[in-house]
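Each remark here refers to the structure printed beneath this line.
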Amino acid sequence: MSVQQLDRELDRLQGLWSDGLSDAYRVYLDSVRHFDADVQPKLALAAALIEVGTRLQGLGGRAAPPTTLLMGDLCLARGSRLLADNAPLAVQVAFARAIESISSAAASETPAPPTRPLLQQSLGATR
């Protein structure tokens, strides 16, 4: 993914890029090296968007204000779309399970598992 394509993908999320999304993206790039080079940036961005989206949703913490919830929804939707378009089915399912695990912990008011290691593990799913 070129810088121009990445800029288009992040059109509405510019403020998030400097607020941790870029750091998460760089971390996830190391977790996608086993995929084809053309999908690596897309999958790293998907994981970063989902991580930031769950954080913005306030899962496991105080409820977020409505505008922050909407940004979290946007991150989760874009991340999910990138996964649907570029990830093998096993990775898509692993991400869905990870998000479900994080969400159910928040709903039951129990500590959520650490998001980043959970998503990194999901990127390595094979079945």
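The values are calculated or read from the model by the stated rules, or taken from the named source; none is laboratory data. The shown structure was predicted, so the numbers you read here are calculated from the model rather than taken from an experiment. Glycine also receives a Cβ, built like all others from the backbone with ideal geometry; neighbour counts cover every protein chain displayed. With ligands, DNA and RNA removed, areas are computed over all heavy atoms of the protein, side chains included. Shrake-Rupley method; radii C 1.70, N 1.55, O 1.52, S 1.80 Å.
If the chain between D73 and R33 were fully stretched, how many nm would it gain, using 0.36 nm times the residue separation less the Cα-Cα distance?
On the way: separation 40, 0.36 × 40 = 14.40 nm, distance 2.73 nm.
11.7 nm is the gain from fully extending D73 to R33.
May I ask you to order 85-93, 64-72, 51-59 by the average number of other C-beta atoms within 10 Å around their residues, highest value first?
Details: 85-93: 16.2, 64-72: 14.0, 51-59: 22.2.
Highest-to-lowest ranking by the protection proxy: 51-59, 85-93, 64-72.
Quantify, in whole percent, the carbon and sulfur part of the accessible surface of the chain (1.4 Å probe; protein heavy atoms only). Please list the in-between numbers first.
Working: 3670 of 7080 Å².
About 52 percent, which is the carbon plus sulfur part of the accessible surface.
Can you give the extra length, in nm with one decimal, that the chain gains between A90 and R26 once fully stretched, where that is 0.36 nm per residue apart less the Cα-Cα distance? Could you put the intermediate results ahead of the total?
Details: separation 64, 0.36 × 64 = 23.04 nm, distance 2.26 nm.
Fully extending the segment from A90 to R26 adds 20.8 nm.
Once you sort the root eigenvalues of the Cα gyration tensor of region 33-72 as a ≥ b ≥ c, which label holds: rounded (a/c under 1.5), prolate (a/b larger than b/c) or oblate (the other case)?
Numbers: a/c = 7.72, a/b = 2.97, b/c = 2.60.
Prolate, since a/c reaches 1.5 and a/b exceeds b/c.
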Practice item. Mind checking the per residue accessible area of the chain for me, 1.4 Å probe, whole number of Å²? Key: 56 Å²
